[in-house]
Structures are given as structure tokens and as C-alpha cells.
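Single-structure report; data block below.
Since every read-out is calculated from the coordinates, none of them should be taken as a lab result. This one's a predicted model, so the numbers in the text were calculated from it and none came from an experiment. Please note: Cβ atoms are built from the backbone with ideal geometry, for glycine as well, and neighbour counts cover all protein chains shown.
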Ligand SMILES: [Zn+2]
């Protein structure tokens, strides 16, 4: 079961507590404020600051 | 008359069928917050992370469309947020967790009224259990004035509400979130994170 769009829309960034948005492929959640990408692995968003990738 | 009361002692007729008591697997800590002032809420999140470690989920602050006694205590315009924590917790520690979050509520209160309401619960593969200080017919006493409320039961592929489950714990978004957290919990019980 893929993760629901509704659920992705209610998640917040654990760093700045602001909104995140899915990228076009639904492979990560992006925080524009922190410029971080939180990966979605095995349909599970990994909302950990240590695991997030900086945006280029 | 005059004979001392002798409690009946039940002896298992077939010792071989007795199961050996065993601690259940650790659970995921899931906390729901109600607040009006986001600054106070951010401070509550910070204090809880200091005790229980880093969050691994946080929902965006949403409206709380239910009328409860929190309206009277905190005033209107209440918002809520749900957080989950990376480090798993022993299921036996639920009362300790509730006492710690009660203390944070108290530290952040102003003029005797709560600014943030903090409801910790434990998510296991089988159920979601909230801690509460209020006795009620369906609640099981744990210790230190804290009861367990069986809020959702995992059956046929989803967490499902019970007749006493509060409306805000029946919402599909919340139940979906717990389904995702359950998948993550299973990875963590094998000592790993998804995709690692
Ligand atoms: Zn952020």
C-alpha cells in the first residue's frame, strides 16, 4: 500500500516545524525553509534530521 | 467463626501448559498535543525531545474541531499536533511517561491554566494505548494514578476504534499515520530503519 497523499500533506519538518511537500516522484518530502529532503523509503517517510539530504 | 480468612490459591493443574511470562516488545511513543500558542507548543516539543530523544514524525498544526473542556481551560482556537519518537520505549514505562508529560504541562502553565495539553500513547503492533489520569469503566489501572485506555486495536490490516474511542482518535488521517508508524516500528524492532 503506497503512502496516502493526505498523510504526506499533514506532515511537518521536524527541524523548523514548518510545512513539507512531496517532490514530483513522491520519493521525498521537501522542506524549502531548511532546504532539506526527507526520503520516503519503502512507503515510509524518514523524518529524521540526521538522515535528511541537503537540497542542491 | 473466628477463623482467619484463607484466600483461595489456584494451582494450575497442568504445569506444563503454563506460559512463561515475557515482556512484550518495545513500543513507539506517539504524543498528541493541544495548544493555542505555537510558541508554547514548540517549547513543549523541545522539552519532550530532551527526555525522550528525537522526533521521527511531526504533523502540521491542524485545527481541533471538537468542543471539549480544553476550550474552557485554554480558550477557543485550539490547534493540535501529533509527534512520534524514534527511540522505542518499554511498554511498562507508560505511567512514567505520562508523569513526565504532566510535569511539562505544569511547567508551561500560566496563572494555573494549562497552555498545552499533552497526551502520550504507545503504539505496538497490536494496539494503541493512551495514558490517562482519569478512571473510567473500560480503563485499566497501571500505577501512580495512571490508567491505560485501549484506544485502537489492530485488526484486519488497520488500527480500529472501540466504542469509547474519542472522535479525534478515529480520524482516518490519524489511523493512516499509525499504520505507517507500525510499518516503521517493525523495521525498528529488527534493529534497522527502512531502506537501510
Ligand atoms: Zn524545515
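Among the residues of the stretch A:2-17 satisfying the criterion of being more than 7 Å from chain B (Cβ to nearest Cβ) and under 11 Å from the mean Cα position of the chain (by Cα), which is nearest to residue B:39 (Cα to Cα)?
The residue in question is A:13.
Restricting the stretch A:10-42 to residues that are in contact with a helix residue (DSSP H, G or I) (Cβ under 9 Å, 6 or more places away or on another chain) and surrounded by fewer than 15 Cβ atoms within 10 Å (Cβ to Cβ), which is farthest from residue B:179 (Cα to Cα)?
A:21
State which residue is nearest to residue B:42 (Cα to Cα) when the search covers only the stretch A:30-42 and only residues that are under 12 Å from the mean Cα position of the chain (by Cα) and more than 10 Å from the ligand (Cβ to nearest atom).
A:37
In the stretch B:97-134, how many are in a helix (DSSP H, G or I), free of Cβ contacts under 8 Å to residues at least 40 places away in the same chain and surrounded by 18 or more Cβ atoms within 10 Å (Cβ to Cβ)?
Qualifying residue count, the stretch B:97-134: 0.
So, in the stretch A:27-42, exactly how many residues are part of a loop (DSSP other than H, G, I, E, B) and facing chain B (nearest Cβ under 7 Å)?
1
Specify which of the listed residues (A:9, A:24) is part of a helix (DSSP H, G or I), on the phi < 0 side of the Ramachandran plot and away from the ligand (no atom under 15 Å from the Cβ).
Residue meeting the stated conditions: A:9.
Out of the residues in the stretch B:171-196 meeting the condition of being surrounded by 15 or more Cβ atoms within 10 Å (Cβ to Cβ) and outside any helix (DSSP H, G or I), tell me which one is nearest to the other protein chains (Cβ to nearest Cβ).
Once the filter is applied, the top-ranked residue is B:194.
Please go through the stretch A:2-56 and pick out each residue that is in contact with a strand residue (DSSP E or B) (Cβ under 7 Å, 6 or more places away or on another chain), farther than 16 Å from residue B:84 by Cα and in contact (Cβ under 8 Å) with a residue 40 or more places away in the chain.
A:3
Please count how many residues of the stretch A:43-56 are in a loop (DSSP other than H, G, I, E, B), surrounded by 20 or more Cβ atoms within 10 Å (Cβ to Cβ) and more than 12 Å from the ligand (Cβ to nearest atom).
Result for the stretch A:43-56: 1.
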